[in-house]
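The next block holds one structure in the form of structure tokens; read it before the comments.
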Amino acid sequence: MRKQPYSQSNMASGLVTSLDPTLISAKDSPNVLNTRLSRGLLAKDFALTPFGLPVLGYPMLQDLYHQDDGTRSYILITTTSVYIWDGTVSEWVDITEGLDIENCEAAWDDLANVVSSAVEDAKEGTYATKFAIAEAFTVGRAATNVISAVNLDGVTHVHLWVKSSIALNAGDIQLLLDNTAACVSPLETLDIPALEANTWTRVSIALSNPAAALAIISVGLKVAVDKGAMDITLDHIRGVKELTGTIDDLVSGENINDDYVFTNFVDVPKKIEGTTISNLGGTPPKAKWLTVFANRVVLCGVEAAGTFYPRRVQWSDAGTHETWTGGTSGWVDVIDTNGWAVCLKKLGSTCFLYKTDSIWELSYVGGTRVFNPVLIVNSIGVTSPATVQDEGRSHLLFSTNNVYRFDGTININPVGSQIKDLLFETATKIVDSSYPYRIKGKYVKEEHFYYLVVPVDSDTPNTLFRYDTINDIWVRKNTQPITCWGEFQELSDPDTWVESAGVTWEDSEGPWLSASLIGSANVLVVGYNTGQMYQDTRAYLDSSEFTFETKDFIFAHASRVTEIRVNARKGAFYVSYSTDGGVTYSAEKTFAYQDDWSEYCYFLNITTQRIRAKIRTTATNIEIRSIEPWFIPRQKSINSRRF
């Protein structure tokens with residue numbers, strides 16, 4: 001009587017929920033969470049690390065902005081604000097449309113029991129202004145400062161950095177703005193939101209009466225509630241005109257000439273020139289989506305003179321993205337299919353219009369006509385435009401009934417069938433399709449991964465699916481409230497042969513005359529609905545849960561299962577099993593950390609016709625080579641009793 005394994009030695013495992021767990025291949029799983037492949041092994045996925053302090057608004061778009069003089073900036077656009085990444089201080093710098101009120105580079109004029117000073121604990125510039133408020137101070141103006149007169153016409157909010165030595169409630173301290181010296185009769189008394197102790201916080205405060213704040217000449221800090229002794233530090237006070245989009249108003253944008261242009265449909269299309277933001281000239285319409293194609297800004301889903309044209313594509317004059325009438329500017333309504341236009345995406349030298357029910361090639365014909373829309377795919381479209389991603393020779397996209405790969409021809413092939421029931425089937429789907437614009441995608445070419453984040457039982461995207469385009473496998477990761485994606489690279493001047501003297505071809509891993517040299521691969525950056533940005537360095541591990549369940553191993557007859565063997569190393573982990581298809585599980589068996597490869601055995605000695613194993617851990621790391629139920633076939637058991 002010899003026991004034998006039901007082998008699962010191929011750990012290139014993916015999530016398959018569209019088939020019964022008895023029918024999937026031995027390497028796949030009905031429940032795989034927070035995993036990755038590492039040299040053919042199943043391992044715990046990497047975690048995210050913060051990328052700067054939280055920004056204001058929902059992060060919506062990240063991109064690389066490059067100017068004609070070679071200046072390159074990594075920009076972030078939220079529902080309310082615009083930022084540029086400053087690598088010298090590793091922080092997002094606010095460049096939202098507006099002006100500086102006070103740079104906080106020096107001490108202010110103090111009142112009794114308050115001492116202000118310029119300190120090097122600054123978020124922008126060289127110094128911040130710190131106010132040491134003594135126990136004897138009660139309430140009232142703590143300090144003021146005379147500034148060069150600023151006109152806040154058009155300004156909607158004040159942005160600033162604030163830090164307190166103690167926790168404060170909203171309104172405990174206030175910012176004053178006045179058109180008279182020393183803020184003796186402030187035009188604006190602005191409650192500063194709640195603050196955690198000893199934590200720099202970005203603050204946005206709406207002006208209560210913007211029309212009156214036209215000639216501000218002084219700013220002040222007021223204590224409204226007596227909190228005893230405390231230190232308050234302020235930095236970079238700005239008056240801004242915030243964007244007015246919501247999480248459902250997608251932001252799209254691109255570089256053209258020396259500008260970066262973008263739209264969110266709610267506000268007039270904007271342009272970034274260096275660090276200055278203003279309305280895009282020429283009175284372009286508001287639009288659902290913006291791209292740059294054939295040396296023009298091209299929009300789709302436009303609103304002109306208060307009327308929405310959901311099937312319209314409109315473009316600027318060639319080479320002059322602020323000319324929207326005359327020349328070769330124009331528009332076309334794509335009405336041969338009923339769906340609405342949702343986005344424009346380039347593929348190689350071609351541009352495609354995605355509608356909710358079809359895909360069109362925006363064929364460039366030149367002349368006064370400029371573009372001729374040609375129907376390529378009918379009956380398959382896109383309702384979640386931010387999921388359309390370029391993987392080089394094709395687009396990956398989340399449609400209404402599957403995830404597809406579209407190569408620019410009539411070929412459009414499903415790649416999400418393994419998890420189709422979770423995403424699309426009415427009875428089993430977990431996706432809340434009420435919020436299609438909150439479903440976001442990202443393709444990372446270095447890893448050949450397509451990321452898809454969807455809302456599940458929530459109006460916020462919170463569940464991540466990752467598709468490995470090489471191995472054709474999906475995995476899942478929970479608690480990922482992602483609102484935008486980007487790829488960041490530390491920006492430096494290109495290297496040259498002269499500057500790289502002594503570096504051989506054999507030593508070099510990157511292209512010459514490129515910013516992408518040794519060790520400078522792009523880093524995936526994600527924005528959470530909290531405003532916190534995170535980076536995936538593919539190196540950091542945390543205590544989030546890793547779960548892997550095997551398929552249901554089925555025996556022809558009830559057989560004796562003697563043990564479950566797991567070949568693994570690194571983290572401590574738990575093993576349990578189910579004999580009813582994952583409805584219930586046994587008590588977990590705990591296995592201790594082993595640095596080197598070990599075979600762990602969970603001895604069972606049970607009789608069953610089916611069994612599934614589950615591996616679970618919150619350890620920071622684990623690697624698994626194989627998971628094998630060992631059993632004695634029933635026929636062998638019968639034969640052994642005859643002798």
Magnitude of the Cβ-charge dipole (Lys and Arg +1, Asp and Glu -1) of the chain about the Cα centre, nearest 20 debye, reported as 3900 debye
Per the rule of 0.36 nm per residue minus the C-alpha distance, extending Asn209 to Thr584 adds in nm 128.9 nm
Two pseudo-spin positions, 7 Å from Cα along C-beta at Thr620 and at Lys445, lie apart in nanometres by 3.4 nm
Mean accessible area per residue over the stretch 372-423 (1.4 angstrom probe, all protein chains present, square angstrom) is 37 Å²
Scalar couplings 3J(HN,Hα) for the stretch 306-314 by Karplus 6.51 cos²θ - 1.76 cosθ + 1.60 (θ = phi - 60°), nearest whole Hz, x for Gly and Pro, are x, 10, 8, 10, x, 10, 8, 10, 9
Each label sits 7 Å from Cα toward the beta-carbon; between Ala229 and Ser148 the label points are separated, in nm, by 3.9 nm
Looking only at lysines whose Cα falls under 26 Å of Lys227's and that sit 8 or more positions away or on another chain, we get Lys123, Lys130, Lys163
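Under a Cβ-only charge scheme (Lys and Arg +1, Asp and Glu -1), can you give me the dipole magnitude of the stretch 365-430 about the Cα centre, in debye to the nearest 20?
140 debye
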Expressed in square angstrom to the nearest 10, the accessible area of Lys551 with a 1.4 Å probe stands at 20 Å²
If amide H atoms are modeled at 1.01 Å from N in the peptide plane, then the residues at a separation of 5 or more from Thr463, or on another chain, having amide H under 5 Å from its own are Val454, Val456, Gln480
With x for Gly and Pro, the residue-by-residue ³J(HN,Hα) of the stretch 414-421, computed from phi through the Karplus equation 6.51 cos²θ - 1.76 cosθ + 1.60 at θ = phi - 60° and given in whole Hz, is x, 10, x, 4, 4, 10, 4, 5
Summing -39500 (n - 2.57) over every DSSP H run of at least 4 in the chain, dividing by its residue total and rounding to the nearest 500, the 222 nm mean residue ellipticity is -500 deg cm²/dmol
Going residue by residue through the stretch 605-622, the Karplus relation 6.51 cos²θ - 1.76 cosθ + 1.60 with θ = phi - 60° gives ³J(HN,Hα) values, rounded to whole Hz and with x marking Gly or Pro, of 6, 10, 10, 7, 9, 8, 8, 10, 9, 10, 10, 9, 7, 10, 4, 5, 8, 7
For the chain, whose charge dipole is built from +1 on Lys and Arg Cβ atoms and -1 on Asp and Glu Cβ atoms, the candidate among Leu168, Tyr437, Leu42 with its Cα farthest towards the positive end is Leu42
With 0.36 nm assigned to each residue of separation and the Cα-Cα distance removed, Gln67 to Asp390 gains 113.9 nm
In the chain, taking the dipole from +1 charges on Lys and Arg beta carbons and -1 charges on Asp and Glu beta carbons about the Cα centre, the listed residue (Val377, His159, Ile84) farthest towards the positive end is Val377
If the chain between Asp109 and Thr479 were fully extended at 0.36 nm per residue, the gain over the current Cα-Cα distance would be 128.4 nm
Excluding residues fewer than 8 positions from Lys286 in its own chain, the lysines with Cα under 17 Å of it are Lys270, Lys271
With every protein chain in place, the accessible area of Thr276 for a 1.4 Å probe, in Å² rounded to the nearest 10, comes to 80 Å²
Given Cβ charges of +1 for Lys and Arg and -1 for Asp and Glu, the option among Asn401, Gln4, Tyr260 whose Cα lies farthest towards the positive end of the dipole of the chain is Gln4
Between Ile256 and residues 5 or more places away or on another chain, the pairs with built amide H atoms under 5 Å apart involve Val261
Using a 1.4 Å probe on heavy atoms of the protein chains only, the accessible area for Asp580 in Å², nearest 10, reads 60 Å²
Rounded to 0.05, the calculated FRET efficiency for the beta carbons of Asn198 and Ser458 at R₀ = 45 Å is 0.90
Read-out Cα Rg over 2.2 N^0.38 Å, candidates (1) 1.15; (2) 0.98; (3) 1.26; calculated match is (1)
With label points set 7 Å from each Cα along the Cα-to-Cβ direction at Asn257 and Gln4, the distance between them in nm comes to 7.5 nm
Whole-percent carbon and sulfur contribution to the accessible surface of the chain (1.4 Å, no ligands, DNA or RNA) stands at 49 percent
Filtered hits (lysines, Cα-Cα < 26 Å from Lys420, offset >= 8 within chain) -> Lys27, Lys44, Lys345, Lys355, Lys429, Lys440, Lys442, Lys445, Lys477, Lys551, Lys614
Result for the stretch 208-362: accessible area per residue, probe 1.4 angstrom, in square angstrom, of 34 Å²
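The values are calculated or read from the model by the stated rules, or taken from the named source; none is laboratory data. Remember, predicted model here, so these are calculated numbers, not experimental data. Ideal geometry is used to build each Cβ from the backbone, glycine not excepted, and the neighbour counts take in all protein chains shown. With ligands, DNA and RNA removed, areas are computed over all heavy atoms of the protein, side chains included. Shrake-Rupley method; radii C 1.70, N 1.55, O 1.52, S 1.80 Å.
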